[in-house]
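First up is the structure itself, then whatever we jot down about it.
The values are calculated or read from the model by the stated rules, or taken from the named source; none is laboratory data. The structure presented is a predicted model; accordingly, all values stated were derived computationally and were not measured. Counting neighbours? That spans all protein chains shown, and the Cβs are built from the backbone with ideal geometry, glycine included. Heads up: the accessible areas ignore ligands, DNA and RNA and are worked out on the full protein's heavy atoms, side chains in. Shrake-Rupley method; radii C 1.70, N 1.55, O 1.52, S 1.80 Å.
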Amino acid sequence: MAKEKFSEGQQGGALDRVDGKQKVTGAAKYAAEYKIPGLTFAVLVESTIAKGLIKNINTKKAENAPGVLTVIYHGNAPKIPGYQTGDNPAKPPTGGEPFRVFQNARIYFAGQPIAVVVADTYERALYAATLVKTVYNEDEHRTSVEANKDKAALPSGPRFADYVRGEANAYKNAPVKIEAEYIIPVEVHNPMELHATTAFWEGEDKVTVYEKTQGVKSTQKSIMDAFKLKEQNVQVNADFVGGGFGSALRTWPHVIAAVLAAKKINKPVKLVLTRSQMFTMVGYRPYSWQKIGLGATPDGKLTGLTHEAISETSTYEEFTERTVDISKMMYGCSNVNTSYKIIALDKSTPTWMRGPGEATGAYALECAIDELSYALNIDPVELRIKNHADIDPQRNLPWSSKYLKECYQKGADAIGWNKRNPKPHSMRDGEWQLGYGMGSGPFGASRGRATVKAILLANGSLVLQSAVSDSGPGTATSMVGIATEAFGLPPNKITFELGDSSLPPGPTQGGSTTTSTLGSAVHDVCVALQQKMAELAVTKEGSVLKNAKPEDLVFAKGFITLKNDAFKKVAYADVLKQNNLSELEVTKDSQAGDERNKYSMYSFAVHFVQVLVQPLTGVVRIKKVVTAADAGKIINLKTAGSQIMGGVVSGIGMALMEDGVFDHRFGRIVTNNLADYHVPVSADVPHIQALFIDKPDPVINPMGSKGLGEIANVGFAAAVANAVYHATGKRIRELPITPDKLLG
Ligand code: MOS
């Protein structure tokens with residue numbers, strides 16, 4: 001990819017991906033690709049009803065089918081020790097009790113795993129699974145948010161209490177006001193790689209699992225808790241992960257089912273979800289209804305903002321999102337009130353999906369701001385700048401860094417915003433209606449805890465290790481980039497090892513925090529290793545650096561050099577040699593201080609799009625995308641640019657295609673395959689220009705980097721909806737914006 005595509009004069013590095021060749025040639029191995037001797041194959045049987053009890057389940061035919069090794073269901077399942085003591089094998093998102101696979105006859109959702117069939121081949125397991133016959137006592141189910149709004153309730157805990165700043169519903173008395181409702185349907189992550197688990201036991205109390213997971217340590221912990229095993233006896237490997245977007249943040253029931261089956265038959269078991277099972281067993285972005293009220297003075301100063309949201313969870317767990325939180329901090333407005341409620345439905349538990357909460361909230365808020373801009377007859381970019389929050393109005397704290405105004409400017413220049421005729425339905429491109437739209441959004445930037453081990457080898461190369469997974473963004477590459485600068489060694493001499501739970505503990509990859517959290521630990525361990533080398537170099541008899549002060553040493557390009565005498569230098573490898581060491585090793589645990597109590601830390605992005613709408617067919621095409629991001633210091637321009645592209649592509653899906661349609665009569669999702677559930681393909685994706693402010697945040701971490709994965713998506717669907725309005729004069733407030741809605 002050409003470097004100039006991302007922008008001019010950027011400081012960030014642009015290392016090629018260290019694993020790029022493995023990924024594009026197919027050499028990279030995913031969880032379902034380990035050919036373990038004696039491997040057997042597991043297929044899940046699913047509930048066909050949404051709520052009730054299994055009255056009878058007949059597994060005899062399946063058990064007698066050729067090649068079948070076992071059929072496990074609630075009637076014969078070995079007890080899972082962690083389930084008995086009440087330990088949660090997979091921590092619930094914010095409340096409730098995780099679903100306990102095969103432990104009782106209760107049905108909580110359609111598509112629930114009710115049995116697992118294991119056979120010597122996949123085909124035999126798949127066939128035998130069709131022979132399991134189940135009779136249910138069916139109860140009446142509820143799966144619709146719209147039909148059950150009266151049952152919406154506050155989630156548990158103070159975080160979700162109704163929020164008021166100033167006067168509630170002040171918008172109602174404003175000289176200019178708008179009020180609108182917005183709907184986002186269920187959306188499903190659908191990473192390319194299917195969720196898969198390959199598990200084998202060595203004896204009674206030791207198990208190895210190849211798993212699609214965004215956190216090898218969190219998966220390890222879940223399995224430890226479920227099966228009451230010691231940490232060193234649960235080995236989780238995730239060498240490569242083919243996308244997650246949040247679906248691989250939790251340890252789902254099918255993982256426990258595979259580990260259980262492997263234990264029962266004492267053979268390696270591989271369980272791969274089918275694409276349709278990916279729609280019910282690994283979470284989804286919950287359906288949401290939102291209402292926004294905005295009031296302003298005629299010159300565009302916001303005087304009231306009200307944001308209400310209703311979303312869904314399962315009956316057994318409470319899943320919540322910060323859907324309305326964006327409205328508390330995005331704009332300077334002294335009268336803000338928000339409310340967030342959820343409805344417990346007979347569905348599987350939703351989960352975090354790219355930009356969780358913020359992507360949902362930003363869709364409504366950023367469409368509403370656009371609606372207000374037309375009501376006021378003020379340019380949408382100008383309206384946002386007028387209401388820019390100079391400090392965090394929710395916490396009354398300064399931002400650690402904020403270059404949102406620069407993002408508006410950079411993005412507007414690049415899309416050619418000044419060529420836009422502000423009047424809706426006024427521009428054309430041939431026979432197509434042309435529209436310009438924009439949307440923006442924040443995502444909290446934070447730094448968690450990580451441990452990294454650094455080993456300097458005799459040949460002067462550096463190995464770094466931490467138990468994290470890379471679900472796609474290129475974690476090892478970014479870490480090599482950080483170490484290159486922090487340690488003073490060319491990138492081709494640095495290796496970053498991950499995907500193995502036995503390495504020093506690293507964070508789960510989620511919430512746009514990996515670079516901040518893990519990168520800080522990489523930085524800190526590199527500095528600690530330099531200190532150790534310096535001690536050796538200045539104390540060793542015969543060293544040219546003998547008696548030098550450590551603070552006078554410079555570490556660069558694999559040499560320690562005396563600051564004022566470039567001839568006095570020692571190669572890193574020679575430090576080891578002089579001290580008869582085969583390697584030098586440091587492990588460093590690293591975490592944030594109390595910065596977050598003094599500052600509000602967020603990344604910001606502004607998305608600009610041009611859309612074309614075919615007036616006769618209602619087809620929407622995205623013509624051009626410019627995303628300008630303030631994500632602090634950019635560690636790697638290539639991987640950062642790819643993050644933006646990925647987020648924008650998912651945003652195109654969210655805006656125009658993705659629709660988890662439920663048939664509420666049966667409580668079942670009907671668009672449970674990639675023929676009916678549409679996602680963007682290459683032909684739907686135009687040129688995407690990613691622009692970065694690339695200024696370091698002085699507070700958050702030693703690199704000055706903020707998060708990037710979520711802001712690539714947050715606010716994008718609103719930009720498209722706003723552009724469609726500009727092109728056509730039609731305001732579509734329910735995603736996705738499909739031709740039927742535009743023609744209707
Ligand atoms: Mo992401 S929803 O933090 O995987």
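Calculate, in whole percent, how much of the Cα-Cα pair population of the stretch 140-183 lies beyond 13 Å.
74
Please work out the ratio of the alpha-carbon Rg of the stretch 455-600 to 2.2 N^0.38 Å and round it to two decimals.
Normalised Rg, Cα atoms only: 1.13.
For the stretch 169-176, just list the computed ³J(HN,Hα) in residue order, Karplus coefficients 6.51, -1.76 and 1.60, θ = phi - 60°, integers in Hz, with x standing in for Gly and Pro.
Karplus values, whole Hz, x for Gly and Pro: 6, 4, 4, 4, 9, 7, x, 10.
Compute the longest continuous run of the chain that contains no exposed GluC sites (Glu not before Pro); treat a site as exposed when its DSSP state is not H, G, I, E or B and it has at most 15 other Cβ atoms within 10 Å.
In short, 205-430.
If a helix is a whole DSSP H run, which ones in the chain reach 15 Å or further along their own axis (Cα) and hold a mean Kyte-Doolittle hydropathy of at least -0.5?
Length and hydropathy pass: 216-227, 253-265, 358-376, 404-415, 514-539, 637-656, 716-728.
Evaluate the relative contact order of the stretch 205-347 (contact order divided by residue number), counting alpha-carbon pairs under 8 angstrom at least 6 apart; express in whole percent.
16
Report, by chain and number, residues whose modeled amide H sits under 5 Å from the one on T315, excluding near sequence neighbours (fewer than 5 apart, same chain).
Under 5 Å from the amide H of T315: L345, K347.
Do any chymotrypsin sites (Phe, Trp or Tyr not before Pro) in the stretch 638-734 lie in a DSSP loop with no more than 16 other beta carbon atoms within 10 Å, and if so, which?
Those that pass, being in a loop and sparsely packed, are F666.
Find how many whole Å separate the alpha carbon centroid of the stretch 15-74 from the alpha carbon centroid of the stretch 414-445.
First find each Cα centre; the distance between them is then 46 Å.
In the stretch 340-425, how many lysine pairs have Cα atoms under 16 Å apart, counting only pairs 8 or more places apart or on different chains?
Lysine pairs meeting both conditions in the stretch 340-425 amount to 4.
Which of the aspartates and glutamates could a cross-linker span from K212 if the Cα-Cα distance has to be under 14 Å and same-chain partners fewer than 8 positions apart are dropped?
Cα-Cα hits under 14 Å: E33, E193, D239, D470, D500.
Suppose we keep just the DSSP beta bridges with both residues in the stretch 588-744; what percent of those would be antiparallel, to 5? Numbers along the way, then the final one.
On the way: 13 of 18 bridges.
The antiparallel fraction comes to roughly 70 percent.
By its C-alpha gyration tensor, with a ≥ b ≥ c as the square roots of the eigenvalues, how is the stretch 108-250 shaped: rounded for a/c under 1.5, else prolate for a/b larger than b/c, else oblate? The partial results should precede the final answer.
Details: a/c = 2.54, a/b = 1.78, b/c = 1.43.
Taking the square roots of the gyration eigenvalues as a ≥ b ≥ c, the stretch 108-250 is prolate.
Mind running the shape call on the stretch 552-593? Use the C-alpha gyration tensor, a ≥ b ≥ c as the square roots of the eigenvalues: rounded below 1.5 for a/c, prolate if a/b tops b/c, oblate otherwise.
oblate
Compute from the Cα atoms of the chain the Rg and the Dmax, the latter being the longest Cα-Cα distance, and quote both in angstrom.
27.2, 85
May I ask you to list the aspartates and glutamates whose Cα is less than 15 Å away from that of K695, ignoring any residue fewer than eight positions away on the same chain?
Hits, sequence-local ones excluded: E8, E406, D630.
Please compute, for the alpha-carbon atoms of the stretch 301-410, the extent along each of the three principal axes and give them in descending order in Å.
Projected onto its principal axes, the Cα set of the stretch 301-410 covers 45, 34, 28 Å.
To the nearest Å, what is the center-to-center distance of the stretch 451-481 and the stretch 566-592, using C-alpha atoms only?
Using only Cα atoms to place each centre, the spacing works out to 16 Å.
Sorted by accessible area with a 1.4 angstrom probe, largest first, how do T213, T130 fall? Could you put the intermediate results ahead of the total?
Working: T213 5, T130 80 Å².
Listed by decreasing accessible area, they come as T130, T213.
Apply the Karplus curve 6.51 cos²θ - 1.76 cosθ + 1.60, θ = phi - 60°, to the phi angles in the stretch 485-493 and return the couplings in whole Hz, x for Gly and Pro.
With the stated coefficients, the stretch 485-493 comes to 6, 6, 9, x, 8, x, x, 6, 9 Hz.
Counting only Cα, what are the radius of gyration and maximum Cα-Cα distance Dmax of the stretch 223-319, in Å?
21.8, 73
So what's the Cα pair-distance distribution over the stretch 364-458, bin width 10 Å, in %?
Percent of pairs per bin, in order: 11, 34, 26, 13, 9, 5, 2.
Would you mind working out the accessible area per residue for the stretch 141-232, using a 1.4 Å probe, and quoting it in Å²?
44
Specify the inter-centroid distance of the stretch 322-342 and the stretch 207-242, based on alpha-carbon positions, in whole Å.
A separation of 38 Å, based on Cα centres.
Which one of A521, A548, Y182 has its Cα pushed farthest toward the positive end of the charge dipole of the chain, where Lys and Arg give +1 and Asp and Glu give -1 at the Cβ?
Value computed over the given set: A548.
Using a 1.4 Å probe on the protein heavy atoms, what percent of the accessible area of the chain belongs to carbon and sulfur?
C and S fraction of accessible area: 51 percent.
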